[in-house]
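Enquirer: Below you'll find the structure I mean.
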Amino acid sequence: MTDSPGEDQVAEPVEAPRPGVSRRGLLGLALGAGAAGLAIGAGAGAATAAAVGRAQQAQDAASAYDFFGTHQAGITTPVQDHLHFASFDMMARTDREDLVSLLQDWSYAASRMTQGLDVSATGAIGGSPEAPPDDTGEAQGLAASGLTITFGFGPTLFENDEGDRYGIAAQRPPQLQKLPAFLGDDLDPEHSGGDLCIQACADDPQVAVHAIRNLSRIAFGRARLRWSQLGFGRTSRTTAAQSTPRNLFGFKDGTANILATDDAALDESVWVAASDDPSWMAGGSYLVARKIAMLIETWDRVRLTEQEAIVGRDKGAGAPLSGGDEFTEPDFDATAKDGTPAIPVTSHVRLAHPDANKGIQILRRGYNFVDGNNELGRLDAGLFFLSYQRSPEQFVTLQRSLSTDAMNEYIRHVGSGIWAVPAGAAEGSYVGAALFA
């Protein structure tokens, strides 16, 4: 199963999106705030750089994913190398029409940007020279670079302290609740939650940043950016062709992740079924985001054998400590020479394994992050964990199982959020249309 259009499309909405961006969206394009730039380093030699550039352009041009389809792209899509994740809150005094028009405008812009186009037909240079351009322009000349844009709805969108702002409280999924407190949480409220979220993934960091920058401008007057996170170096894989990446602790991560070709596992563990409640979420999923700070300097002083015991895998090959290669199933009954379990009972691999959690699986799409250094001069770095699951209870069960994880000594959960991710939009429609039908 892939995120490309399938035979089963979501039902046509009551109100189809207007072609192009609404007047308020255009106002946002004109008045939105600027964004940070990203620099790309130059190659060592002109000839080599040119050859590499041509090869990369050919690869990027072949990596354009359709925004429309049965499921939203960016879930089972081959995991890209870069992420820009953003959380938004709806503005005060906005109404249902504002929310619907925002989702329509975002869907239209996303459908263009994922094909390597500007957010509108006039784009960065085709409009009036006396007005701000529709598109910010930093992606001019760049290919789609595998860009996927995935939208989610947080619990507070349905109801917050102000009540049912948009007339959708009755449609809130029963399982879409703020995550419970977990052992070791040190959450920053300013880096948690949000009414809406956007996950932009691409193989070029500038393409991902461009997407969030322009969607933020379009939201002007209707939604404001609450927090965002840049990520690099994927920490999981969703296809067998992808190699298993390494996290900032130096270990292979995501070896046993659900793959896009495993339809049975996806139906069982990732996609919301038509029989699940509510029906408008059929074909969707639930996204959990956790910003996990890694105590890098402390970890770097730990003996190799202890690091491997904490993780439960060989650091070089990625094989479980019970033997075999990276993809060998862990043998939790195997013992070491001293008679103790070969895979320690407090290891991450043992505690996170489906055998220890009633067969529960989730689909991971995490990224490394480095946000400079903290006030102590240490790296502000870690894992931006993203997982998709059919029910949030799957994540809650796994996280509680990890309460005795030896790795907890070296990590801190500092940000958190949960969102309902609707099914993909039918062509000519918009994401989340079924919620308003």
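Enquirer: How many residues, within the stretch 362-412, are of a type outside the set (G, A, S), touching a Phe, Trp or Tyr at 6+ places or on another chain (Cβ under 9 Å) and within 25 Å of A202 (Cα to Cα)?
Expert: Number satisfying all stated conditions: 16.
Enquirer: Out of V209, V270, I need the residue that is touching a His at 6+ places or on another chain (Cβ under 6 Å), modelled with pLDDT of 95 or more and crowded, with 22+ Cβ neighbours inside 10 Å. Which one?
Expert: V209
Enquirer: Which number in (1) buried (at least 21 other Cβ atoms within 10 Å of the Cβ); (2) in a strand (DSSP E or B) marks the one condition that A425 misses?
Expert: It fails just one condition, (2).
Enquirer: Suppose we filter the stretch 77-118 for residues that are β-branched (V, I, T) and without any contact (Cβ under 8 Å) to a residue 24 or more places away in the chain; how many remain?
Expert: Number satisfying all stated conditions: 0.
Enquirer: Return the only residue of L147, L183 being surrounded by 14 or more Cβ atoms within 10 Å (Cβ to Cβ) and either more than 23 Å from A73 (Cβ to Cβ) or not charged (D, E, K, R) (or both). Before you say what the answer is, go through the steps one by one.
Expert: On the way: L183 fails: surrounded by 14 or more Cβ atoms within 10 Å (Cβ to Cβ).
Within the list L147, L183, the selection yields L147.
Enquirer: Taking the stretch 330-352 only, how many residues are assigned to a loop (DSSP other than H, G, I, E, B), touching a helix residue (DSSP H, G or I) at 6+ places or on another chain (Cβ under 9 Å) and not hydroxyl-bearing (S, T, Y)?
Expert: Here the count works out to 5.
Enquirer: Pairs, please: C-beta under 6 Å, at least 6 apart or cross-chain, first residue within 24 Å of Y388 (Cβ to Cβ) and in the stretch 132-159, second modelled with pLDDT under 95?
Expert: Partner pairs satisfying both residue conditions: S145/D60; G146/S63.
Enquirer: Of all the residues that make up the stretch 65-103, how many are in contact with a strand residue (DSSP E or B) (Cβ under 9 Å, 6 or more places away or on another chain) and either modelled with pLDDT under 95 or of a type in the set (A, V, I, L, M, F, W, C) (or both)? Explain how you work it out, then say what you get.
Expert: First, pick out the residues of the stretch 65-103 that are in contact with a strand residue (DSSP E or B) (Cβ under 9 Å, 6 or more places away or on another chain): 65, 67, 71-77, 79-91, 94, 98-99, 102-103.
Filter once more, keeping what is either modelled with pLDDT under 95 or of a type in the set (A, V, I, L, M, F, W, C) (or both): 67, 73, 75, 79, 83, 85-86, 88, 90-91, 99, 102-103.
Matching residues across the stretch 65-103 total 13.
Enquirer: What do you reckon, is V414 outside any helix (DSSP H, G or I), under 27 Å from L295 (Cα atoms), touching a helix residue (DSSP H, G or I) at 6+ places or on another chain (Cβ under 7 Å) and of a type in the set (V, I, T)?
Expert: Considered against the rule, which asks whether it is outside any helix (DSSP H, G or I), under 27 Å from L295 (Cα atoms), touching a helix residue (DSSP H, G or I) at 6+ places or on another chain (Cβ under 7 Å) and of a type in the set (V, I, T), V414 comes out as yes.
The values are calculated or read from the model by the stated rules, or taken from the named source; none is laboratory data. Computed from a predicted structure; not experimentally measured. All Cβ positions, even for glycine, are placed from backbone atoms using ideal geometry, and neighbour counts span all protein chains on display.
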